[in-house]
Ligand code: GLC
């Protein structure tokens, strides 16, 4: 929020269609298609200032502390079981694909099971596909009959989802795909302005329903903006509507505006310029249920990923792809339960942590909260662990899961932790809490730097 405006003034401004960024408003571009230039338009525009919506810090605080969320990809593709892009990748005719919506018959307690699974896994929020690229709406909508209440399910699946999450104390996120393969104008909107008008009205109306009919929503997670750009989708107006209906919500950047956070996909990569970021990832290689995809990550890899996100100040959104009946593949359940057991003992090393500079080790990675450094050992080397180049004094060390004190010795070169068990005391990762006298920092080139500073031996003079 601009510092000179009160929250109420800012919200009034938003509702009245005022600019989202008062201080650094930039030139709007005419409505157009993604990635193309209109005739007469100059290419290579100078880099534009970030257009982060007002009150970002207030709205996003809980999310930074939460660190770990569940992504759910669920739709009529889950009945087919061959990945959520099946319609395009197998070129399935529309009339054939629409049969899936009739065969979609989820069990009653599916959402309750996911919510419990998420809570037991230590996930604090969930983001579910309310509509994926296939165009099928899991929610009740006045805009189309291609929606759960009027097809196979016969009920509003988004409502069940929201109710189930609230019962488990989880924050509620809605994924929403702008790209729509089912809408007649979904592909031609970039060439035909009347088609664009219809598609944009349809899309905004659906977002309005989602933001109006389900109480307080915590996250709106846009996806794929093809075939339009931000001007074409009228994304400024879209976000203004969202914030006027849900003043506390956070939105991502996939409607082609900056939004509150960035969304690296299938990779962990901290955003530059200190932006909030969330890495979204699958547990195998598919978002939507793909029965034959057996390429599962291990629970160790998942914990390591969560640690890497927390270390660099980001969040980790981990996907499940339930079957058409809502049941979750056993491997996903097993992994999430294992991560949940680990978090129940080691959660303080993840939740509400601060960005962490130390990172050098062959068998561990690190997170930090204040002056406490957490060392997460994923390859347990034996009864002795070593950290090099720590630039602050260590005052005490313990195994985080049990509180057992750990003996240590620190000199100019390194800190050596000794007297530890030969085999890893905790699975899939063992965490040490290292209390330091100041914010832990590590010299990444400690050994080289020490050698460079030491006097040359007489023979070399
Ligand atoms: C991509 C894919 C989509 C998936 C999403 C998750 O945009 O098209 O299937 O939902 O990534 O981030």
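Here are a few things to note about the model shown:
- In this rough spin-label picture, where each label sits 7 Å from Cα along the Cβ direction, the residue 459-residue 244 distance is 8.1 nm.
- On the beta carbon distance between residue 444 and residue 145, with R0 = 51 Å, the FRET formula returns roughly 0.30.
- Cβ-derived FRET efficiency at R0 30 Å, residue 379 paired with residue 435, nearest 0.05: 0.80
- The length gained by stretching the chain between residue 273 and residue 237 to full extension, at 0.36 nm per residue less their Cα-Cα distance, is 10.4 nm.
- Angle in degrees between helix 110-120 and the longest Cα principal axis of the chain, rounded to the nearest 10: 20 degrees
- C-alpha long axis of helix 235-245 to longest principal axis of the chain, angle in °: 80 degrees
- The chain: mean projected area of Cα convex hull, nm²: 27.9 nm²
- Taking every DSSP bridge with both residues inside the chain, close to 50 percent are antiparallel.
- Folded to 0 to 90 degrees: helix 157-167 orientation relative to the chain principal axis, Cα: 40 degrees
- Cα pair distances of segment 142-181 binned at 10 Å [whole percent]: 24, 44, 30, 2
- In percent, rounded to a whole number, the relative contact order of the chain is 16, using alpha-carbon pairs under 8 Å and six or more apart.
- Stretching residue 291 away from residue 413 to a fully extended chain increases their span by 38.8 nm, per 0.36 nm per residue minus the current alpha-carbon distance.
- At an R0 of 51 angstrom, the distance between the Cβ atoms of residue 451 and residue 163 translates into a FRET efficiency of 0.25.
- Stretch gain in nm, segment residue 360-residue 107, where the contour uses 0.36 nm per residue and the Cα spacing is subtracted: 86.3 nm
- Relative protection proxy for 56-69, 119-132, from highest mean packing down: 119-132, 56-69 (other beta-carbon atoms within 10 angstrom).
Taken together, the values in this text are just the output of simple stated rules run on the coordinates, not laboratory data. All of these numbers come straight from a predicted model, not from anything done at the bench. Quick reminder, even Gly has a Cβ in these numbers, built from the backbone with ideal geometry, and neighbours come from all protein chains shown.
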